[in-house]
Amino acid sequence: MSRRAAEGHTRDSSGRTTSKLRRTAVVAVDGVLAVGTGAVAGLFASGPASATVPTPGWTGVQSPVPFGLDAPATNPLENLQTTACASAVSCAAAGTYADTGGNTRGILDALSGGSWSAVEAPLPPDERANPDPSFYDTACPASGSCIAVGGYKNNSIGNHPEGLIETLTGGVWNATEAPVPSDAAPATGSDTWLKSVSCPAPGDCTAVGFYSTGPDHLVGLIETLAGGQWTAMPAPQVSDAATNQAVELAGVSCPAVGSCVADGLYETNAGGTGLELLTDAGGTWTPSLAPLPTDAVTGSSEGVFVSPFEENVGQNLSCAGAVCEISGEYSTTAGGTAGLLLHLSGTTWTASPAPVPGNAGSGASAEVALLDTSCGFNGVCVAVGDFRDTSSDFRPLIETVSANGATSGQEAPQPADVATGTNVDSSLIGVSCLSSTACTAVGDYANNTNSGHTVALIDTLSGTTWTAQAGPVPSNAATGAAARGDLATVSCSGRGACVAAGAFFDPGNEFGLLDAYTPPEGYWTDASDGGVFTYGNAVFHGSMGGQHLNAPIVGMAGTPGDGGYWEVASDGGIFSFGDAAFHGSTGSLRLNAPIVGMAATPDGGGYWLVASDGGIFNYGDAGFYGSAGAIHLNKPVVGMAATADGHGYWLVASDGGIFSYGDAVFYGSTGGIQLNKPVVGMAAGVTGHGYWLVASDGGIFSFGDALFHGSAGSLVLNKPIVGMMSTFDGAGYWLVASDGGIFSYGDAGFQGSAGSLHLNAPMVGGTPT
């Protein structure tokens, strides 16, 4: 299966100035007086709903197989090649299987409602009897919205593929034959593949690959989704592209709408293989030559290689904010191959050879391949692959690139049962990173009992340490010498949940493998003096406790994983800790009304501040989608929550009125209901299709798909509730009282509280890991 066969130091940022002024666009004002249809009666319930706190760690299940006209064979030869997750409860995976007639079919898996379902990948009506589809990449910009790309064979083109786009909407997959430019070869000689897709927002996607204009004449292909339609254009070429071009775009990453980077291979005028880079700015693509390390072969022997290729579907390009990283391999003047790392910071690309461990082969014996790349929100990127050691064995490799381009390489750890001796191959094939301290890489390794075959490998970065384990497999998996399997792809969502996909064998048959990671629970709470309290897996990164503040702290928000957080004061001063970057504040501005809360973007690259008059201040990659700053409010705004994709937000007033902006949908409010106590905060559901409101007496109001799991509405509280936090999967929540007491409901486990402590200042809120 191997591809080869308590308080601490502080940082006060509130003194920085910003010229950003409040904007007062108005959206969905009519929503404020509507009454929701979701579980309003929950206000009067008490006690936790029946739910089990999830056990942290990895679990493995067999992928479901489709049934119907093209049912799978007894041995379905199923292999999942690519996966993507929008959240802990919404993912997709794509791959292939063999039907009872021996034909290769596509399989599309979707995670929804806590379970996986599978369908045979639908194809355009011109599919041939054996369509032989293949999938190279998947993107899920929002819960229940996914795109998978690849190719298939139709009745007209023999063994030549046509580009394939699969779209998941409303629980149904639909197929589209990828459009091609007007100069594409006739169907009988067509040759089109889509190799990569990136969707910075629902309905806004870019896919790349290649198409043919004639025999042996391949041109880079760029597909763009806008307004519900895909359009195609040929990729512009660099100046030294050969006449017959032979171009294949391999990767694309779009960190924001209207901003993409792509790369691909092309045949040079000298007869070698070069790497081109393309940058998109508002629909205009500009090509450039990729720089190469000084020891790269040039001329007719120039050889650069990047994924994806036939045996691997990892993505070699990843962007986060203004940082991008490309990984691959190149031919060296010493006669071997080295790992290639290309780093974009701002507008400048720099190239460097991937550093390798001391046991790596050298000179003509050097062989390094980097197969997948992932960049976290703070600009640190990780590339994975393998290298040949001095004994000619392949070992898994991890490359880390800092935000400034500094590189380091290490042999990836393997489980204790890894095989020893010679002819042992191990590799990392996929990687997904949330930040510089939270990454997951997957692949395969040979253990000491399975006769040289490989089994699934999972490497996890937590803090500064990588650890390894064998990927879990279902109970029907073969064991001992017959054990075989791998993991080819992994996707982790912002709260730390991951899904990895690949294949495993029972004693004689190959099935799809889905491994899922449940993160441990934790939360931070903060007091008005800036003190931060940590519980569960929440790590203390510093606080403003004991420091002089110009104004009291009123809330906090966290970055992906447990790597950092911000505290915000009522004057809009921002204090950043851990990997939370300072992007701006209102600390030096004269405000019309005090700041009452904040929300972070899902990728950790920005945040919003909200004032009690509904004014919104946005920083970093947080977009401005409107505010209530110019509206006469019945009651002051008390909090906000962002949508799952970060392209919208809700504001909540103390009467429970809801104001929705961007792609935040109005699902109901208590704006027209007589409340026992005022609303003090809200939390968004994990899918972005619902939210909860919490009152100071602990009453809970649930709207959309945010389910009611219990409340403190009927309890006699020592102190009022001041805020709430949801769990990573949206199946529970915690309430925070001003004395630090914590009330947990649904699958929210109680991790501790400050309820029995004497606090210097009252608690004002918290944020979950």
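Give the separation of the Cα centroids, the range 723-769 to the range 387-425, in Å.
Comparing the Cα centres of the range 723-769 and the range 387-425, I get a distance of 42 Å.
At a Förster radius of 35 Å, what calculated FRET efficiency corresponds to the Cβ-Cβ distance of residue 233 and residue 632, to the nearest 0.05?
0.10
Could you check the simple spin-label distance between residue 719 and residue 53, using points 7 Å along Cα→Cβ, in nm with one decimal?
Going by the 7 Å Cα→Cβ label model, 2.2 nm.
Using every pair of alpha-carbon atoms in the range 685-769, split the distances into 10 Å bins beginning at 0 and state the percent of pairs per bin, rounded to integers.
Percent of Cα pairs in each bin: 19, 53, 24, 4.
For the range 81-240, what does the equivalent ellipsoid look like in terms of its semi-axes, each the square root of 5 times an eigenvalue of the Cα gyration tensor, given largest first in whole Å?
26, 20, 11
Any chance you could list P(r) for the range 615-769, counting all Cα-Cα pairs in 10 angstrom bins from zero, rounded to whole %?
Here the calculated profile for the range 615-769 is 11, 41, 35, 12, 0.
List the aspartates and glutamates whose alpha-carbon lies under 12 Å from that of residue 677, not counting same-chain residues fewer than 8 positions away?
Residue 677 reaches 655, 697.
Using 1/(1 + (r/R0)^6) with R0 = 60 angstrom and r between the beta carbons of residue 479 and residue 590, what's the FRET efficiency to the nearest 0.05?
The pair residue 479/residue 590 has a calculated efficiency of 0.30.
I need two numbers for the range 385-516: Rg to one decimal and Dmax as a whole number, Cα atoms only, in Å.
When restricted to the Cα atoms of the range 385-516, Rg and Dmax are 14.8, 49 Å.
With r as the distance between the Cβ atoms of residue 347 and residue 69 and R0 = 45 Å, compute the FRET efficiency 1/(1 + (r/R0)^6) and round to 0.05.
The calculated FRET efficiency here is 0.30.
Could you look at the chain and say what percent of its accessible area is carbon and sulfur, using a 1.4 Å probe and all protein chains?
52
Please calculate how many Å² of accessible area the range 584-728 carries per residue, with a 1.4 Å probe and no DNA, RNA or ligand atoms counted.
For the range 584-728, the solvent-accessible area averages 31 Å² per residue.
Run the quick spin-label model on residue 129 and residue 216: label points 7 Å from Cα toward the beta carbon, then report their separation in nm to one decimal.
In this crude label model, residue 129 to residue 216 measures out at 3.2 nm.
Can you give the three extents of the C-alpha atoms in the range 448-585 along their principal axes, from longest to shortest, in whole Å?
So the three principal-axis extents are 69, 22, 21 Å.
Based on a Kirkwood Rh over C-alpha pairs, give the Stokes-Einstein translational diffusion coefficient of the range 552-668 at 37 °C and viscosity 0.692 mPa s in µm²/s.
Result for D is 235 µm²/s.
Over all alpha-carbon pairs of the range 321-439, lay out the pair-distance distribution in 10 Å bins, whole %, shortest bin first.
15, 45, 30, 10, 1
Given a 1.4 angstrom probe, what's the average accessible area per residue across the range 98-151, in square angstrom? Walk me through the numbers before you get to the answer.
Working: 1730 Å² over 54 residues.
Accessible surface, normalised per residue, equals 32 Å².
In whole angstrom, and with the biggest value first, how far do the Cα coordinates of the chain range along each principal axis?
Sorted largest first, the three principal extents are 73, 54, 53 Å.
Give me the one-decimal nm value for the distance between modelled label points at residue 406 and residue 391, 7 Å along each residue's Cα-to-Cβ direction.
According to this spin-label approximation, the distance is 3.3 nm.
Show log10 I(q)/I(0) for the range 190-337 at q = 0.14, 0.17, 0.21 Å⁻¹, two decimals, from a solvent-free Debye sum over equal Cα scatterers.
Taken in order of the listed q values, log10 I(q)/I(0) reads -0.64, -0.94, -1.37.
With every protein chain present, what is the per residue accessible area of the range 340-400 (1.4 Å probe, Å²)?
Per residue, the range 340-400 has an accessible area of 30 Å².
Under the rule that a partner needs its Cβ under 4.7 Å from the first Cβ, which Cys of the chain have none?
Among the cysteines of the chain, none has its Cβ 4.7 Å or more from every other.
Give me the Kirkwood hydrodynamic radius of the range 628-706 in Å, from all C-alpha pairs, to one decimal place?
12.3
Extension gain residue 288-residue 551, at 0.36 nm per residue separation less the Cα-Cα distance, in nm?
Gain on extension, residue 288 to residue 551, equals 89.7 nm.
Subtracting the Cα-Cα distance from 0.36 nm times the residue separation, let me have the gained length for residue 295 to residue 281 in nm, one decimal.
Separation in residues times 0.36 nm, less the Cα-Cα distance, equals 1.8 nm.
The values are calculated or read from the model by the stated rules, or taken from the named source; none is laboratory data. Only a predicted model underlies this, so the values are computations on that prediction, with no experimental measurement involved. Reconstructed Cβ throughout: ideal geometry from the backbone, glycine too, with neighbour counts over all protein chains shown. Heads up: the accessible areas ignore ligands, DNA and RNA and are worked out on the full protein's heavy atoms, side chains in. Shrake-Rupley method; radii C 1.70, N 1.55, O 1.52, S 1.80 Å.
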